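Let me begin by presenting the structure, written as structure tokens, before commenting on it.
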Amino acid sequence: MDNDMNIDVGEKIRNLRKIKKLSIATLSENTGLSIGLISQIERNKVVPSIKAMWKIAKGLDVNIGYFFEEDTDKDVIVRKSDRKKIQTNDATKIYELLMPDLVDKNLELLLITLKGETKKNKGLVNHEGEECGYIIKGKMKLIFDAKEYILEEGDSFYFKSNVNHVYENYNKDEECVLICAMTPPSF
């Protein structure tokens, strides 16, 4: 099994939009994203940001994980070599799903690697739910509600996700690796 996510997200968005009998213009209105951007995403011309995917998922009334699911066996074990990687438009952040899938799940468990210099103070997000994380390696900056926290190996965090937040790598020469649980699932 290929461990990179080779799922046609754009096609899934387009198919679901058509099933729900929504025009691109209506989806644009529901999400606040431009018609052009939605069209490019559907044609896989651009990789959408996580924030854009949340808006699209909300606009289509599905969990964001819907767009990343593959038809897989309902295994209870995820081997390191079989982890699904979730691609975003920020190559400095790698998300690996530590669960077989997100179908009918209330929780999401991710291994997140922050490489190099992440986008400083950009892409603050907020969404429903809660997040909890544990730093395995390196240092991370957590920006949460206009406050900045530096977390090191062995530190952990918890917060309600409806406040603006973002994770950033603290040291551009060393990657930061953390495990993060989110509810409800974001991907």
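The values are calculated or read from the model by the stated rules, or taken from the named source; none is laboratory data. Not measured: the values here are computed from a predicted model. Ideal geometry is used to build each Cβ from the backbone, glycine not excepted, and the neighbour counts take in all protein chains shown. Only protein heavy atoms, including side chains, enter the accessible area calculation; ligands, DNA and RNA are left aside. Shrake-Rupley method; radii C 1.70, N 1.55, O 1.52, S 1.80 Å.
A single member of THR88, THR113 is touching a strand residue (DSSP E or B) at 6+ places or on another chain (Cβ under 8 Å), open to solvent by less than 50 Å² (accessible area, probe 1.4 Å) and in a strand (DSSP E or B), and it is THR113. Count of segment 120-143 residues, restricted to those that are open to solvent by less than 80 Å² (accessible area, probe 1.4 Å), modelled with pLDDT of 90 or more and outside any loop (DSSP other than H, G, I, E, B), is 11. ILE94 fulfils the conditions (1) surrounded by fewer than 17 Cβ atoms within 10 Å (Cβ to Cβ); (2) within 18 Å of CYS176 (Cβ to Cβ) except for a single criterion, (1).
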